[in-house]
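Novice: Just dropping this structure here.
Each value in this text was obtained by applying a stated rule to the coordinates, not by laboratory testing. All values derive from a computational prediction rather than experimental measurement. Neighbour counts run over all protein chains shown; Cβ positions are idealised from the backbone, glycine included.
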């Protein structure tokens, strides 16, 4: 919540975030998830930040661009993390454990459960997000195929298990982060026929700690 | 699509279904899933059925009641099926396989992917649906606890795996029914540490065939 030096902000900012963009995303995330995307106007978002609607349009051309930025926050850090992990380890079981745990932790982080927006019909048309989400799904599947030794239907399930934290968080808003993420990673490997032992789990956890960016 | 005797219908009905209620639900399901719940008016639903708005209100008091009926169609048949299965078999592994496969098949059936509506903020307030969905989740969890021999986090995952068919169907609209349902049931047991053999799978499949109501 600290202001950056040289960038004075309202002392009584209505929203967390050190920049207007962060504050707009926080307000829009809350309103989209709790009220709905369609019924939320850019005017309502600007009001919730405490800025004028014209200032909002200085940062985002329209409501869909705000939605895309929020959706990207649910996949881009995980995609970059997954790429770093797959470059740094040879055992696909360890890599898949780490990718799953890191991605699940990302979906569990942040004050708003942004994954709730995935199934909106309005999201079908946001092509950039779908491209990046398919890339993330492809990293998972490639690792799973290596683990199983061939491409089967179940190779698509680890990333789906990760995404179950979205619905779990709806039903249980205080769902704890790291333990849950690790348990999902265990399950992702069990689906592929790998029984996770403590050594595999420790190696995966070390990768998560090494490669996940610290929260800013 | 046959009219019931004594209940003449328009010969050129715009919607599948032998009753006005079925036709309203079909039209509303399509519009909610493809256009969005908020932007769909009861007028638009009536137009898509080819009836007057006043006739629609004869069957449903408001748009939320239509939504609840659609949501119930995704859980009530599975809940009734799950209860029949758990009464009829002693091995919790076989029962859980059957409950999972039957429920996944139900979510994969029907022309509209109604599970997409689960995460809408508007659904948070539909208490009756949540009661029935929690009952279904509880049947899964009780079986999983029996399989594992204790209550652990992963006992909550089989029903979440079933619900992943919703997102899978979004990404792959032609997702095939029975094979996918069986593979999800295999995965649900693998998450609990059970490696499914052909005998267990055959016993589960027999339960599904015995207890799932034939489509009407």
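Novice: Once Rh for chain A is found with the Kirkwood sum over Cα pairs, what is the Stokes-Einstein diffusion coefficient at 10 °C and 1.306 mPa s, in µm²/s?
Specialist: 86 µm²/s
Novice: Same structure again: In whole Å, largest first, what are the principal axis extents of the Cα atoms in the stretch A:20-60?
Specialist: Over the stretch A:20-60, Cα extents along the principal axes are 23, 16, 16 Å.
Novice: Using alpha-carbon pairs under 8 Å, 6+ residues apart, how would you state the relative contact order of the stretch B:20-60 in percent?
Specialist: That works out to 38 percent.
Novice: Which order do B:34, B:42, A:100 fall in if you start with the one that has the fewest other Cβ atoms within 10 Å?
Specialist: With the fewest neighbours first, B:34, B:42, A:100 line up as B:34, B:42, A:100.
Novice: At a 10 Å Cβ-Cβ cut-off, how would you order A:94, A:33, fewest neighbours first?
Specialist: Fewest to most other Cβ atoms nearby, the residues stand as A:33, A:94.
Novice: Next up: Just tell me how shielded A:153-162 is by partners: mean number of partner chain Cβ atoms within 10 Å of each residue's Cβ, no decimals.
Specialist: 5
Novice: To the nearest whole number, what is the average tally of beta carbon atoms from other chains within 10 Å of the beta carbons of peptide A:171-180?
Specialist: 1
Novice: Let me ask you something else. Take every residue in peptide A:190-199, count the Cβ atoms of other chains within 10 Å of its Cβ, and give the average of those counts.
Specialist: Shielding by partners across A:190-199 averages 3.
Novice: A further question follows. Could you state, as a whole-number percent, how many of the C-alpha pairs of the protein assembly as shown are farther apart than 35 Å?
Specialist: Taking all Cα-Cα pairs of the protein assembly as shown, the fraction more than 35 Å apart is 35 percent.
Novice: Now for a separate question. Counting other beta carbons within 10 Å of each Cβ, put B:14, A:200 in order, fewest first.
Specialist: Ranked by crowding around the Cβ, least crowded first: B:14, A:200.
Novice: Defining the label point at 7 Å along Cα→Cβ, can you sort the distances from residue A:53 to the same site in each other copy, shortest first, in nm?
Specialist: When each copy's label point is compared with this one, the spacings are 2.6 nm.
Novice: Continuing with this model, one more query. Only helical DSSP H runs with n ≥ 4 go in: add -39500 (n - 2.57) per run for the protein assembly as shown, normalise by residue count and round the 222 nm mean residue ellipticity to 500 deg cm²/dmol.
Specialist: -21000 deg cm²/dmol
Novice: Could you give me the radius of gyration and the Dmax of the stretch B:3-113, taking only the C-alpha atoms into account and expressing both in angstrom?
Specialist: For the stretch B:3-113, the Cα radius of gyration and maximum Cα-Cα distance read 17.1, 52 Å.
Novice: Here's a follow-up. Compute the distance from the alpha-carbon center of the stretch B:50-103 to that of the stretch B:130-169, in whole Å.
Specialist: Spelled out, the Cα-based centre of one part sits 16 Å from the other.
Novice: Based on Cα positions only, what radius of gyration and what Dmax would you give for the stretch B:112-216, in angstroms?
Specialist: So, for the stretch B:112-216, Rg and Dmax equal 15.1, 43 Å respectively.
Novice: Here's a follow-up. Could you grab the relative contact order for chain B? Cα pairs under 8 Å, six or more apart, rounded to a whole percent.
Specialist: Relative contact order here is 22 percent.
Novice: Evaluated at 10 °C with a viscosity of 1.306 mPa s, what Stokes-Einstein diffusion coefficient in µm²/s does the stretch A:168-216 have when Rh comes from the Kirkwood expression over alpha-carbon pairs?
Specialist: Rounded, D is 129 µm²/s.
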